[in-house]
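Novice: One structure follows; several queries about it will come next.
The values are calculated or read from the model by the stated rules, or taken from the named source; none is laboratory data. Here the structure is a predicted model, which means the values were calculated and not measured. Cβ atoms come from the backbone with ideal geometry, glycine included; neighbour counts cover every protein chain shown. Quick note on the areas: whole protein, heavy atoms, side chains included, nothing else; ligands and nucleic acids left out. Shrake-Rupley method; radii C 1.70, N 1.55, O 1.52, S 1.80 Å.
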Amino acid sequence: MSGLSVAHRTALAALIEQVPDAALTKLSDLSRGLPGGRALELADMLAEEIQDRARRRVVLGPLMRMFRPRADGIEAVTFPAAVLPRLWKAAVAREPALVRRLDRDDDNAAAVADRICLAAAAAVRDRPEAIWPADLEPGRRERGLIDLAASLDLAHLARRGLPSLDVWLKRPDGDQVAELRLMLKDCAEIHQDGTQRILEILFSHLDDAVLILRVLTQSSGAAEREGFLSASELSGFIERLIIGVDARVARISAFRPGSEVASVEPVIEDLIWCANVHSELDATLTLSPLSVWGKSVRDARVTIAGQLSSFMRAADRAVDKALPLEQVQITGRMTRQQPQLTAPVQGETVQAVRNLLKLVGAVRGPASIFGAESDRKKLVDALTTRVFEYADQAVTVINDGEVEDETNALRLVELAARCLDLIDARGAARTVRRRAAVAGAAKRRSSPSSRAA
């Protein structure tokens, strides 16, 4: 059987280049089980691509994360994903004889990787059009090419420093801090702004953006002082975090818990993220309350604290609406309140109570940071008692045979149990569900249809 034509191989190579790493491995395994010469050629192409990408990771590993936007949306130095394969091809073309030596896991492979990175930097400067086409994000192309070349210049220092990143984020000793500062000094000797550039590379390896503060404060003996950082090239990292907090505060304030399409998870994530940033700022920097940063942090703290209080008040009201009570006559003119078991179990009111109680139950940490934990705890205790009593009364009414729609009544009891789950009152929720499981059972056993059966 004839093999793949040149046109076929060209088209397949273009497609394979777009396949994600995880899918590429699966596709390679699948192709090896297919019959025919063309399948074997495809399998070989996939194997070559897997090997090529492994070599690329060895060489460009320190910068790989810069070829995608940050998941948290915080501003960072990044490059278009389409530039990465172009950059790699240009670098390999300059040092083809060295590529095979990357397959060995030793110091020699690291030295080869550093040399190829320098070749890549030269390619960016000499043939920018081959690496970053003029029509690819033209608005940031010129600046991006400068950043890319400079980052490649520092890749060998980043390669040596990255294994120590976890140490620098924790409690580094004197020697480990000296190692960090020496790396920053070496970078500054290569580029005037080398310190900031190497920190951008380290920043790309931090999924939690706020952790960059720990590296910044180790960069100099004076770095924990706001005045030093605000006047240095490192101030941009602080400003980005503050901008990130402001953006999340706006989203938190815009949240409408009763909307059918509203999801509370992003709001909880935003609250936790803001709390982590404020906690880290408190631990690592001394901010003047009169400074621009200090005022911004204080304003955000006040706004979030107010929004948390607003959510808690809304949660209190939402429980009353979702699990309403009604006045029923006992004897004569005597009345009492009991669960209104004809209330709906779906809709905006139920959605709101679920969202708000999930938020109340999930923000213990942020509530502590923003001074609202005492109010949150009081609310949780009060709601636990109230919702449990509602469910207990509802089960009693069901057992007494005083409901027309037992199915709806039991669904309301389950809603009450779910509310208890959301505020972490799981023991009370289990008790409610046990009682609901046998609610109305005695009545059903004594009914004529049950005896006939």
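Novice: Return yes when T342 is β-branched (V, I, T), surrounded by fewer than 18 Cβ atoms within 10 Å (Cβ to Cβ) and not in a loop (DSSP other than H, G, I, E, B) and no when it is not.
Specialist: Numbers: β-branched (V, I, T): yes; surrounded by fewer than 18 Cβ atoms within 10 Å (Cβ to Cβ): yes; not in a loop (DSSP other than H, G, I, E, B): no.
So T342 does not fit the description; no.
Novice: Sticking with this one: Report every pair of residues separated by at least 6 positions or lying on different chains whose Cβ atoms are under 7 Å apart, first residue within the stretch 116-143 and within 22 Å of A97 (Cα to Cα), second of a type in the set (D, E) and open to solvent by 30 Å² or more (accessible area, probe 1.4 Å).
Specialist: Listed by first residue and then by second, the contacts come to I116/E95; A119/E95.
Novice: Something else: Show the residue pairs meeting these rules: Cβ distance below 7 Å; 6+ apart or different chains; first residue within the stretch 318-344 and acidic (D, E); second residue open to solvent by 20 Å² or more (accessible area, probe 1.4 Å) and not in a strand (DSSP E or B).
Specialist: E326/Q340
Novice: Within the stretch 1-20, count every residue that is part of a loop (DSSP other than H, G, I, E, B), open to solvent by 70 Å² or more (accessible area, probe 1.4 Å) and more than 22 Å from R86 (Cβ to Cβ). Let's see the steps before the verdict.
Specialist: Step one: of the stretch 1-20, the residues part of a loop (DSSP other than H, G, I, E, B) are 1-5, 19-20.
With open to solvent by 70 Å² or more (accessible area, probe 1.4 Å) added as a condition, the list becomes 1-2, 20.
Next, from what is left, pick out any that are more than 22 Å from R86 (Cβ to Cβ): 1-2.
So the answer is 2.
Novice: If you take the residues of the stretch 29-54 that are closer than 13 Å to L4 by Cβ and touching a residue at least 24 places away in the same chain (Cβ under 8 Å), which of them is surrounded by the most Cβ atoms within 10 Å (Cβ to Cβ)?
Specialist: So, considering only residues that are closer than 13 Å to L4 by Cβ and touching a residue at least 24 places away in the same chain (Cβ under 8 Å), the one surrounded by the most Cβ atoms within 10 Å (Cβ to Cβ) is L42.
Novice: Now for a separate question. Just checking, does the stretch 327-336 include any residue being open to solvent by less than 20 Å² (accessible area, probe 1.4 Å) and not in a helix (DSSP H, G or I)? Can you show your working first?
Specialist: Our first condition is that a residue be open to solvent by less than 20 Å² (accessible area, probe 1.4 Å); within the stretch 327-336, this holds for none.
No, there is no match, as no residue in the stretch 327-336 is open to solvent by less than 20 Å² (accessible area, probe 1.4 Å) and not in a helix (DSSP H, G or I).
Novice: Okay, next question. When both residues are 6+ apart or on different chains and their Cβ atoms are under 8 Å apart, which pairs have a first residue that lies in the stretch 298-310 and is closer than 11 Å to S253 by Cβ and open to solvent by 40 Å² or more (accessible area, probe 1.4 Å), and a second that is at pLDDT 95 or above and part of a helix (DSSP H, G or I)?
Specialist: Qualifying pairs under 8 Å: T303/V249.
Novice: For the stretch 70-89, give me each residue that is more than 17 Å from Q18 (Cα to Cα) and surrounded by 17 or more Cβ atoms within 10 Å (Cβ to Cβ). If you could, list the steps in order and put the result at the bottom.
Specialist: First, the residues of the stretch 70-89 that are more than 17 Å from Q18 (Cα to Cα): 70-78.
Residues satisfying the conditions are R70, I74, A76, V77, T78.
Novice: Could you please find all residues in the stretch 414-432 being open to solvent by 20 Å² or more (accessible area, probe 1.4 Å) and outside any helix (DSSP H, G or I)?
Specialist: Passing the criteria: only D424.
Novice: Filter the stretch 230-286 for residues that are at pLDDT 85 or above and assigned to a loop (DSSP other than H, G, I, E, B) and give the result.
Specialist: Matches in the stretch 230-286: F255, R256, P257, S263, V264.
Novice: Take the stretch 345-361 and flag every residue that is surrounded by fewer than 21 Cβ atoms within 10 Å (Cβ to Cβ), out of contact with any Leu (no Cβ under 8 Å at 6 or more places or on another chain) and assigned to a helix (DSSP H, G or I).
Specialist: Residues satisfying the conditions are E348, T349, Q351.
Novice: What's the total number of residues in the stretch 312-326 that are under 21 Å from V395 (Cα atoms) and open to solvent by 30 Å² or more (accessible area, probe 1.4 Å)?
Specialist: Residues in the stretch 312-326 being under 21 Å from V395 (Cα atoms) and open to solvent by 30 Å² or more (accessible area, probe 1.4 Å): 4 in total.
Novice: Can you tell me which of (1) open to solvent by 90 Å² or more (accessible area, probe 1.4 Å); (2) part of a helix (DSSP H, G or I) is the one V92 doesn't meet?
Specialist: Result: V92 fails condition (1) only.
Novice: Of the residues D106, D166, which is free of Cβ contacts under 8 Å to residues at least 60 places away in the same chain, open to solvent by 30 Å² or more (accessible area, probe 1.4 Å) and within 19 Å of L216 (Cα to Cα)?
Specialist: Of the residues listed, the single one that is free of Cβ contacts under 8 Å to residues at least 60 places away in the same chain, open to solvent by 30 Å² or more (accessible area, probe 1.4 Å) and within 19 Å of L216 (Cα to Cα) is D166.
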